[in-house]
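Note sheet for the following structure.
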Amino acid sequence: MALTYSQCQKIRATVPALNARGEEIIASFYQSLLRGHPELRSYFNTANQLNKLQPKAMASLIIQFANNVSHIYELIPKMERICQKHCSVGVQPHHYKIMGAYLLEAFTGILDPSMTPDAKMAWNNAYWMLANMFIAREKQLYKTFGPWTDWRPFDIADRVHDGENVVSFYLKPRDKKPLPPFMPGQYVSIRVAVPGKEHKQIRQYALSEAPNPDYYRITVQRNRGAAAAADDDEQHQSACPYASPPGAVSNHLIDSAVAGDTLELSHPAGHIFLDTKNLSNAPLVLFSTGIGATPMLSILNFTAKEQPARPVSWINASQGAMPFQARVDSLAARRRNLRNTTLGIAHDGHASADCDGQDDARLDLVSLRPDDLFLRNECTEYFVCGAENITVQFVEFLERHGIDRARIHCELQTVARY
């Protein structure tokens, strides 16, 4: 259903109020939704509710939609990321009806009297225009999944330590049927019962091995969380404004999941990946921070097996030891066309390893050489994954060197920016 010019104008008129109270609206929406439909709690990461990142992300999306209501095609790349996530956790068309009712209620309750009957009707139509776009795209994605569209039991065949507080799990399907291929860089959702949690918890973990029909491998890093900054510590508060509880699922897997245990997995999904059907020999640059190395290892293993002549440069910018360092070093020793570079990270003021934002972290980009980036090749592809502030610096560095954004595939390890 297309919006009329008048309806577009009424939606734009609510933008100032959304800018001022958007997060409050979305926080109210989530509270009412999960109170009325507690069965939906498993679809949402409780940590991202507590640290306010999920309301912040959804409010940002709604404001972007309101600002671009006449040309929402500009939001398609961001919508694709959300659709992939929705299919990974099992969102269905009927969920949109439930969410729409609670969202409109939250709008009306907080923006009143801005939400006149005409404005309310405009937002209702706008919501369903957007929801129907999501539903249509998700229907397409589910179709590509074939018969596997629900949760599937996998047994843990083995667990291997791949660094300090990093464990890889080898997962085999209980039904022993061959696994569908995935694109290196994609992830699966894990659904697991966690002690102390009323509902099963769902989290996404990147696949860390090249596609094969026998098993999947995920790699999990312990998440100790971070305390909220004290009110009187303004400098640290600006760098780490949100409390972040310890990772319920990651810590449970590392501490308790052993060979023989069963996990439920969804079909692989994700919009950032190396296209295995396009066997180009153009150079690849892989940039990672911390556990962002996981999808990069899947890409590296695939190219080592299927495209051994393809030039690859892996640039790592971790504060501690890089996960999989021994594996990457071993590959680099055998492959003359694999470059392996480590960048330093400096801090201005407080150095906070526990704050995901790391707003004061600065990359040592000066030490990068043109050959590390294959800048002279106009077909080079760049894959970037890691903490938001650090990866954004790297992407901006590439853009300053004339790299078209279409060749930069970036996955931020945050829910706050779509």
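Do the conditions hold for Ala157, that is, is it of a type in the set (Gly, Ala, Ser), open to solvent by 30 Å² or more (accessible area, probe 1.4 Å) and in contact (Cβ under 8 Å) with a residue 40 or more places away in the chain?
So Ala157 fits the description; yes.
Which of the following residues is touching a Gly at 6+ places or on another chain (Cβ under 8 Å) and either open to solvent by less than 40 Å² (accessible area, probe 1.4 Å) or closer than 30 Å to Lys143 by Cβ (or both): Ser32, Ser28?
Just a single option satisfies the conditions, and that option is Ser28.
Going through Ala17, Ala13 one at a time, which residue ends up being open to solvent by less than 80 Å² (accessible area, probe 1.4 Å) and touching a Ser or Thr at 6+ places or on another chain (Cβ under 6 Å)?
Testing whether each residue is open to solvent by less than 80 Å² (accessible area, probe 1.4 Å) and touching a Ser or Thr at 6+ places or on another chain (Cβ under 6 Å) leaves just Ala17.
Return the total of residues in the range 136-164 being in a helix (DSSP H, G or I) and farther than 30 Å from Asp175 by Cα.
1
Here are the criteria: (1) over 28 Å from Glu23 (Cα atoms); (2) not assigned by the TED database to the domain that holds Ile202. Tell me which single one Tyr96 does not satisfy.
That leaves (1) as the condition not met.
Criterion first (outside any helix (DSSP H, G or I) and touching a Phe, Trp or Tyr at 6+ places or on another chain (Cβ under 9 Å)) does Val91 satisfy it?
Yes, satisfied.
Just one of Ile110, Ile63, Ile135 is over 17 Å from Ile26 (Cβ atoms) and in contact with a helix residue (DSSP H, G or I) (Cβ under 8 Å, 6 or more places away or on another chain); which is it?
Testing whether each residue is over 17 Å from Ile26 (Cβ atoms) and in contact with a helix residue (DSSP H, G or I) (Cβ under 8 Å, 6 or more places away or on another chain) leaves just Ile135.
Just the residues that are closer than 19 Å to Gln186 by Cβ and open to solvent by 10 Å² or more (accessible area, probe 1.4 Å), please, taken from the range 293-320.
Correct list: Pro295, Asn301, Phe302, Ala304, Lys305, Glu306, Gln307.
Only one of these is in contact with a helix residue (DSSP H, G or I) (Cβ under 9 Å, 6 or more places away or on another chain) and not assigned by the TED database to the domain that holds Phe383: Arg174, Arg191. Name it.
Arg191
On the basis of being out of contact with any Asp or Glu (no Cβ under 9 Å at 6 or more places or on another chain), more than 26 Å from Glu198 (Cβ to Cβ) and open to solvent by less than 20 Å² (accessible area, probe 1.4 Å), does Ala66 make the cut?
yes
Tell me the residue from Ser88, Ser42 that is touching a strand residue (DSSP E or B) at 6+ places or on another chain (Cβ under 8 Å), in the same structural domain as Gly109 (by the TED database), of a type outside the set (D, E, K, R) and surrounded by fewer than 19 Cβ atoms within 10 Å (Cβ to Cβ), please.
Ser42
The values are calculated or read from the model by the stated rules, or taken from the named source; none is laboratory data. In this text, all values refer to a predicted model and were calculated from it rather than measured experimentally. Heads up, the Cβs are rebuilt from the backbone with ideal geometry, glycines too, and the neighbour counts pull from every protein chain shown. Heads up: the accessible areas ignore ligands, DNA and RNA and are worked out on the full protein's heavy atoms, side chains in. Shrake-Rupley method; radii C 1.70, N 1.55, O 1.52, S 1.80 Å.
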